[in-house]
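Engineer: Structure below; questions to follow.
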Amino acid sequence: MQMTFNKIKSYSFLFVLVVVALFTNACASKTAQKEPDQDPWKEMEKLRKQIKAPTFPNRDFLITNYGAVEGGKVKNTEAFRKAIEACTKSGGGRVVVPTGVFLTGAIHLKSNVNLHLQDNATILFSRDTQDYLPLVFTRWEGMELMNYSPFIYAYEQENIAITGNGTLDGNASNEYWWPWCGAKRYGWKEGDPKQTADRNLLHQQNHQELDPTKRIYGPGHYLRPQFVQPYKCKNVLISGVKLINSPMWNVHPVLCENVTVDNVKVVTLGPNNDGCNPESSKNVLIKDSYFDTGDDCIAIKSGRNEDGRRIGKPSENIIIEGCEMKEGHGGVVIGSEISGGARNIYAINCTMDSPNLDRVLRIKTSSQRGGIIENVFMKDVKVGTYKEAAVKCNMFYEEPGNHMPAIRNVLVENLYVENGGKYAVMVKAYEESPVENLRLVNCVINGVDQALNVDHVKGMQLINTKINGKSYNSPNVTAANKGL
C-alpha cells in the first residue's frame, strides 16, 4: 500500500512538472511569436540602418595615366581595363575620369573600385557591337542568357561604385541600338533586323528550362544590352551621375545585396528605357534621384516565369525616397517579371508630374508569372497629373498561365493628386486570388473621371480619403460598390 502511495506521489509530481514545463514553453512561444510592429515606417527606419554605402581607400588611378585619350574619337576600352585592374590589385580606390569626353566599349568593374567621373566628364559608349564582347552571363527581361555585355558590368564583385557629377552617355538613338526593338517610332524600318525572333526563342528556352549558359546570343542576334548592371554583387553605390541615351534598362542590379542609388539623374526616352530596376535584390535604397524615362521610372523585378521560379529570389527591403518622376509608364512599379516575388517595398516623399506618366503606383503580374507581392507601402507622395490610374493592380499583364499570383497588404497614405487621369484606383484580379488589404488612408485625389474601377478585392479600405472632393471613409470596399 505504501509503495502504491509513493508511486502516486511520484506520478503526481511528474505531472505537475510536465504542466509547468508546458505552460512555460507556451508563454515563451507566445513571446517569441509576438505580433510584429504594425507601423511600416518604423520598419523602414530599421531597414535604412542596414543599408550602408561602400567606402574606398584614398587612392586615385587617373585613366589618362593608362593611355586614355580625350575627345570622343579614340576608343579607351583598354585604358579603362588597365586602370581598373591596377586599382583592384592595389586594394582599391578611385578610377578617375577627368573633364572631357572619353569613348569606350564595355567597362567591367572589379571589387573595391569606385569609377569616379569628375565635373564635366563624359563616358561615351561605342556604337560598335563588337566592343561589347566577349559575351557575359546576364539577364534580359528577367531571363538568364549569354549576351552582349552591359555597358558597365560587374559579376560577383564587392564594394563597387560609380560616382561623381559626370555623364554616362549610352550613345543610343533611332539609328543605333533602339531600332532593334522593332518599333518604327524608334527608327526601325521594314527589312531591318529586330529583336522579335530572339525574344521568342529566349522565351522558349526559358520555358524548356535550358541551361542558361547554352542560351547564346550576341552577334547575329538583336537583344539590346542594359546600361549599368551589377550581377551578384554586394555593397554597390551609384551616386551623382547622369545617364542619357540608354540602349535599354538603365540601372539594373541583379541578385545584389546592399545597393545605394543616390542623386542619380536618368533622362532617356528610348524604348524600354526603365530608370532603375532592382531585380531579385535585397536591401536597396534609391533616394533623391530624377527619372524622365521611356518606360517605367522605377520597376522592381524578380525574374520571368520559369527562371524566376527556379532561382526563387524575391526583391525585398527596398526604400524609394525623395525621388522625382516625370514621363514613364509608371512612377513606382512592381513587375511584370516578378515570378520570384517582392516584399517590403517603401516609397516615401516622392513627386510625380507629367501628362505622359501613366500611373503613380503600378503592380503588374499574371498567372504566367505567379509569385507573391506583399507589403507595399507608399506615403507622402505629391502628384501634379497622370494619365490612367493613381494606384493600379493588374493580374492580367501579358499572357495567362497556371501560376496564380498574389497581391496583398498595400498601403497608400497621404497621396495628393492635383489633377488625375481616368481612375483613382484600378484593380483587375482573379476571383480566386483577389487583391487583399489594399488601403488608401488620408489621400486626396482630384480630377479623375471615375473614383474606382475594381473587380476582385478583399479587405479594401478608403480611410479619410477624398476623391473629386467627395469624402470616403469606407471600412470595406467591394466590387459591388466599385462605382464610388
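Rule-based calculations on the coordinates, nothing more; no lab input. This one's a predicted model, so the numbers in the text were calculated from it and none came from an experiment. Reconstructed Cβ throughout: ideal geometry from the backbone, glycine too, with neighbour counts over all protein chains shown.
Engineer: Of Asn317, Tyr290, Gly330, which is farthest along the charge dipole of the range 289-354 in the positive direction, counting Lys and Arg as +1 and Asp and Glu as -1 at C-beta?
Structural biologist: Asn317
Engineer: Given 0.36 nm per residue, what is the gain on full extension from Leu210 to Lys387 after removing their alpha carbon distance, in nm?
Structural biologist: Contour length minus the Cα-Cα distance gives 59.7 nm.
Engineer: Give the residue from Ile407, Ser149, Ile238 lying farthest towards the positive end of the charge dipole for the range 60-481; charges sit on Cβ (+1 for Lys and Arg, -1 for Asp and Glu) and the dipole is referred to the Cα centre.
Structural biologist: The residue sitting farthest along the positive end of the dipole is Ile407.
Engineer: Shape call for the range 79-225 from the C-alpha gyration tensor, a ≥ b ≥ c root eigenvalues: rounded (a/c under 1.5), prolate (a/b greater than b/c) or oblate?
Structural biologist: The shape class here is oblate.
Engineer: Using per-residue counts of other Cβ atoms within 10 Å, averaged over each peptide, order 338-351, 451-464 from highest down. Write out the running numbers ahead of the final one.
Structural biologist: Numbers: 338-351: 23.9, 451-464: 19.4.
Ranking, from highest mean packing down: 338-351, 451-464.
Engineer: Under 17 Å Cα to Cα from Lys470, which lysines show up? Leave out anything in the same chain fewer than 8 places away.
Structural biologist: Lys422, Lys482
Engineer: Label the range 60-481 by shape, choosing from rounded, prolate and oblate, from the square roots a ≥ b ≥ c of the eigenvalues of the Cα gyration tensor; if a/c is under 1.5 it is rounded, and otherwise prolate applies when a/b is larger than b/c, oblate when it is not. Can you show the working numbers first?
Structural biologist: Values: a/c = 1.94, a/b = 1.62, b/c = 1.20.
Cα axes put the range 60-481 in the prolate bin.
Engineer: Nearest 500 deg cm²/dmol is fine: what mean residue ellipticity at 222 nm does the chain get from its DSSP H runs of n ≥ 4 alone, each adding -39,500 (n - 2.57), divided by its residue count?
Structural biologist: -5000 deg cm²/dmol
Engineer: Given Asn473, Met426, Ala197, which one lies farthest toward the positive end of the charge dipole of the chain, if we put +1 on the Cβ of every Lys and Arg and -1 on the Cβ of every Asp and Glu?
Structural biologist: The one lying farthest along the dipole's positive direction is Asn473.
Engineer: Give the lysines reachable from Lys82 as a straight Cα distance under 29 Å; neighbours fewer than 8 places away on the same chain don't count.
Structural biologist: Here the lysines satisfying the reach criterion relative to Lys82 are Lys52, Lys73, Lys110, Lys232, Lys234, Lys242, Lys265.
Engineer: Where the only charges are on Cβ atoms (+1 Lys, Arg; -1 Asp, Glu), what is the dipole of the range 60-481 about its Cα centre, to the nearest 20 debye?
Structural biologist: Using Cβ point charges on Lys, Arg, Asp and Glu, the range 60-481 gives about 160 debye.
Engineer: Report, ordered by chain and residue number, the aspartates and glutamates lying within cross-link reach of Lys42, taken as a straight Cα distance under 12 Å and ignoring same-chain residues fewer than 8 apart.
Structural biologist: none
Engineer: Follow-up question, since we're still on this one. Assuming a ≥ b ≥ c are the square roots of the Cα gyration tensor eigenvalues, decide whether the range 239-388 counts as rounded (a/c under 1.5), prolate (otherwise, with a/b larger than b/c) or oblate.
Structural biologist: Rounded, because the longest to shortest axis ratio a/c is under 1.5.
Engineer: In this model, which of Lys387/Lys428; Lys89/Lys214; Lys184/Lys392 are farther than 22 Å apart at the alpha-carbon?
Structural biologist: In this structure, Lys89/Lys214; Lys184/Lys392 lie more than 22 Å apart at Cα.
Engineer: Taking 60 Å as R0, compute the FRET efficiency from the Cβ-Cβ separation of Lys194 and Gln50 and round it to 0.05.
Structural biologist: 0.90
Engineer: In the chain, what percentage of the DSSP-assigned beta bridges are antiparallel, given to the nearest 5?
Structural biologist: Percent antiparallel among DSSP bridges in the chain is about 10.
Engineer: Still on this model: Which of the peptides 392-402, 319-329 is most tightly packed, and how do the rest follow, going by the mean number of other Cβ atoms within 10 Å of each residue?
Structural biologist: 319-329, 392-402
Engineer: Okay, next question. If packing is taken as the mean number of other Cβ atoms within 10 Å per residue, what is the order of 209-217, 273-281, 404-412, highest first? List each step's numbers first, then the result.
Structural biologist: Details: 209-217: 14.0, 273-281: 28.2, 404-412: 21.7.
Going from most to least packed, we get 273-281, 404-412, 209-217.
Engineer: On C-alpha positions alone, give me the angle between the axis of helix 77-89 and the longest principal axis of the chain, in degrees, nearest 10.
Structural biologist: 50 degrees
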